[in-house]
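Report on one structure; see the data block that follows.
The values are calculated or read from the model by the stated rules, or taken from the named source; none is laboratory data. Owing to the predicted nature of the structure, the values given are computational and were not obtained by experimental measurement. Cβ: placed from backbone, ideal geometry, glycine included. Neighbour counts: every protein chain shown. Side chains included, ligands, DNA and RNA excluded: accessible areas come from the protein's heavy atoms. Shrake-Rupley method; radii C 1.70, N 1.55, O 1.52, S 1.80 Å.
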Amino acid sequence: MADSNTITAHRHQRGGLYFEGFEVGSLTEHRYRRTVTQMDNMLFSNMTLNPQPLHIDRHFCETETDWGQPLMNSLFTLGLMVGIQVSDMTNGTTIANLGMTDVKFPHPLFEGDTVHCSTEVIGKRESKSRPGAGIVEFHHRAYNQDNKLVAECKRQAFIKMQPK
């Protein structure tokens, strides 16, 4: 399988690949890693008006859950996973996200865990409605420091074609 980090494709000045640079089957192990904190969890949960004690109440988690500690908010985890790929793959070339499917969180993510991610290109096609753009389908995966899969999703994005 090709590694899109080694593809010699024309990139946007911000670093993103144009539609033509994505190869179906390529796998990118992203360079950025991120240790998540309870502050991340509190801020994200509060900004999104999510009062779930599973994320923001340590005493509740210690006394009333199977985990014994707060879980990272899954939507934060999803956003972090997609965000980590931006600098390697789509910075400056994404027109819009079109959708996400098959979103899963098979293992909990906790404060102090370090996330690393990979992205596989699983499909692409030229846009039928917009010249100069295409649709790329990605399979994003996020792992903790023990390489346990903590999140995954398939995402379809509208991507610019290389300028002529």
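Can you confirm whether G99 is open to solvent by less than 60 Å² (accessible area, probe 1.4 Å), modelled with pLDDT of 95 or more and small (G, A, S)? Yes: the conditions hold for G99. Would you mind stating whether D66 is farther than 14 Å from C117 by Cβ, over 16 Å from the mean Cα position of the chain (by Cα) and surrounded by 13 or more Cβ atoms within 10 Å (Cβ to Cβ)? No. Of the numbered criteria (1) over 27 Å from A157 (Cβ atoms); (2) part of a helix (DSSP H, G or I); (3) touching a residue at least 24 places away in the same chain (Cβ under 8 Å), the one L75 fails is (1).
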